[in-house]
Amino acid sequence: MADVSKETSDRLESLATAEEEIISSLLAMQLHNLEESGFDPRTYSLIKLATLVAIDAPPASYVAQVAFAIEAGVTPEEIVNVLVAVAPQVGIPKVVAAAPELMVALGLELEAAAT
């Protein structure tokens, strides 16, 4: 077993449990990155969503980014359009995998799973 310091263990636990202090610092980094990118919040959000699809991001990433995107004025229709736009480059399997994650992030339920 690896020798893990108490500080490292505490930070990892804070991330795993989404403690407010660490999440706030991560959001501050995102806002700084937004400013440095030179993009407006809507464009930035759309780019970030496309990137999440491309890297086959974990579900929690979609929840946070969709919330940021909606706050920036991105519509659910535009989020679907991101999937359509990136499909030729990232592949259909990644788009299909991202769709239910985006549905959850938008507060929707997949009908096939509901029946």
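In this structure, residue 34 does satisfy being surrounded by 16 or more Cβ atoms within 10 Å (Cβ to Cβ), in contact with a helix residue (DSSP H, G or I) (Cβ under 6 Å, 6 or more places away or on another chain) and assigned by TED's automatic domain parsing to the domain that holds residue 16. Looking at segment 62-73, can you tell me whether even one residue there is of a type in the set (Ser, Thr, Tyr), under 18 Å from residue 106 (Cα atoms) and buried (at least 16 other Cβ atoms within 10 Å of the Cβ)? Looking through segment 62-73, at least one residue is of a type in the set (Ser, Thr, Tyr), under 18 Å from residue 106 (Cα atoms) and buried (at least 16 other Cβ atoms within 10 Å of the Cβ). Taking segment 6-19 as the range and being under 16 Å from residue 61 (Cα atoms) and not small (Gly, Ala, Ser) as the test, the residues that pass are 15, 17, 19.
Residues are listed down the side, and each one gets a yes or a no for (1) closer than 25 Å to residue 103 by Cα; (2) not assigned by TED's automatic domain parsing to the domain that holds residue 101:
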residue	(1), (2)
7	no, yes
18	yes, yes
48	yes, no
52	yes, no
68	yes, no
76	yes, no
80	yes, no
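Evaluated against (1) in contact (Cβ under 8 Å) with a residue 24 or more places away in the chain; (2) polar (S, T, N, Q); (3) within 23 Å of residue 93 (Cβ to Cβ), residue 45 falls short on exactly one condition, (3).
Go through segment 1-60 residue by residue and tally those that are closer than 27 Å to residue 79 by Cβ and among the acidic types (Asp, Glu). Qualifying residue count, segment 1-60: 5.
The C-beta contact set for segment 64-80 (first residue under 11 Å from residue 42 (Cα atoms), second residue among the basic types (Lys, Arg) and modelled with pLDDT of 95 or more, distance under 8 angstrom, 6+ apart or interchain) comprises 68/48; 69/42; 69/48; 72/42; 73/42; 74/42.
Kindly establish whether residue 22 is of a type in the set (A, V, I, L, M, F, W, C) and in contact with a Ser or Thr (Cβ under 8 Å, 6 or more places away or on another chain). For residue 22, the condition - of a type in the set (A, V, I, L, M, F, W, C) and in contact with a Ser or Thr (Cβ under 8 Å, 6 or more places away or on another chain) - is met.
If you filter segment 52-93 down to residues that are part of a helix (DSSP H, G or I) and acidic (Asp, Glu), you find that the one that is nearest to the chain's Cα centre (by Cα) is 71. From 58, 76, grab the single residue that is surrounded by 13 or more Cβ atoms within 10 Å (Cβ to Cβ) and not hydrophobic (A, V, I, L, M, F, W, C). The match here is 76. Scanning segment 11-24 for residues that are surrounded by 11 or more Cβ atoms within 10 Å (Cβ to Cβ) and in a helix (DSSP H, G or I) yields 11, 12, 13, 14, 15, 22, 23.
The values are calculated or read from the model by the stated rules, or taken from the named source; none is laboratory data. This is a predicted model, so every value here is computed, not measured. Cβ sites come from the backbone with ideal geometry, for glycine too, and all protein chains shown count toward neighbours.
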